[in-house]
């Protein structure tokens, strides 16, 4: 199959080159091969008229320098003999009079014939190839900076992809059980790589102005997570708290501080309503609320009817609670006589 593809590609390149040369000859009847090279492949023409350029400009403008001084490049000298042969055999023919290089009807019939004779296993292999390749390209095109470890993992993904799908390239499918196991394992690899790519992209965008810190954070998590990739414990270990600390340098502090913007006036007011007044501009870590009532108050809600107390005794109720904006939990309630 490979020699056939190479021969087809070579013939197509020759046909295109012949068409270009014919059209160039028709438009420029007095042109020579070097003129075509300067127009078609400027990189293969080495100009050497720079030395007397200033003296030549005094006589006539640069637009009228003809013929240009120079020579063909080494590449064109060594490998350009076939180009010269095509040039000598190409007729001077405008493009609209040439035979079209692409026949849409013929190519369409080829496609229909190919689909009609395509075997199911070949269709399956092509669908699998396309799906995994598209997924790999999506992951590789994600912007995550220049994280070296992430680049290495992407390269490994492509090699794993090629080795796993290589067995689908033949005319006969391998053992179905073995193939399904390999494809499932490949999906697991994609899952872990995607997790790392998402994390890398998130860190990169959040710490865009601090590449050292962002890569350091990613490398630490990479070394924490990768040893368990592909194992049953991977799901469990990645849920554990990742508490590695990083040193933030002076010029990186503003970048980190920008991740924690101060609350807006509306957010602060909502916090006051839900959690109570602030203490010197800060929310207290612990708040103790004490309810007290004198025992001589008649019909008091907190007055005990079966306890005898002297006038002036105070009954104090303490409740130790843990609360958020959505719930309130009582840990302990104590009633005492002061």
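The values are calculated or read from the model by the stated rules, or taken from the named source; none is laboratory data. Values in this document were obtained by computation on a predicted structure and should not be read as measured data. A quick note on method: Cβ atoms are made from the backbone with ideal geometry, for glycine too, and the neighbour counts reach across all protein chains shown.
Tell me, which residue of segment 194-209 that is more than 11 Å from the chain's Cα centre (by Cα) and part of a helix (DSSP H, G or I) is farthest from residue 257 (Cα to Cα)?
195
A quick yes/no check of all residues on (1) outside the structural domain of residue 28 (by TED's automatic domain parsing); (2) over 35 Å from the mean Cα position of the chain (by Cα); (3) loosely packed, with under 11 Cβ neighbours inside 10 Å; (4) closer than 18 Å to residue 162 by Cβ:
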{"site": "97", "(1), (2), (3), (4)": "no, yes, yes, no"}
{"site": "134", "(1), (2), (3), (4)": "yes, no, yes, yes"}
{"site": "138", "(1), (2), (3), (4)": "yes, no, no, yes"}
{"site": "142", "(1), (2), (3), (4)": "yes, no, no, no"}
{"site": "145", "(1), (2), (3), (4)": "yes, no, no, no"}
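For the list (1) exposed (fewer than 11 other Cβ atoms within 10 Å of the Cβ); (2) modelled with pLDDT of 85 or more, I need the number of the one condition that residue 102 fails.
Result: residue 102 passes all but (2).
Looking for something under 30 Å from residue 207 (Cβ atoms), not in a helix (DSSP H, G or I) and not assigned by TED's automatic domain parsing to the domain that holds residue 20 - is there at least one such residue anywhere in segment 103-119?
Looking through segment 103-119, none of the residues is under 30 Å from residue 207 (Cβ atoms), not in a helix (DSSP H, G or I) and not assigned by TED's automatic domain parsing to the domain that holds residue 20.
Name the single residue, out of those in segment 50-75 being touching a helix residue (DSSP H, G or I) at 6+ places or on another chain (Cβ under 9 Å), assigned to a loop (DSSP other than H, G, I, E, B) and surrounded by fewer than 13 Cβ atoms within 10 Å (Cβ to Cβ), that is modelled with the lowest pLDDT.
67
Would you please name the residue that is nearest to residue 186 (Cα to Cα), looking only at residues in segment 222-245 that are modelled with pLDDT under 85 and surrounded by 13 or more Cβ atoms within 10 Å (Cβ to Cβ)?
Looking at the filtered set, the residue picked out is 229.
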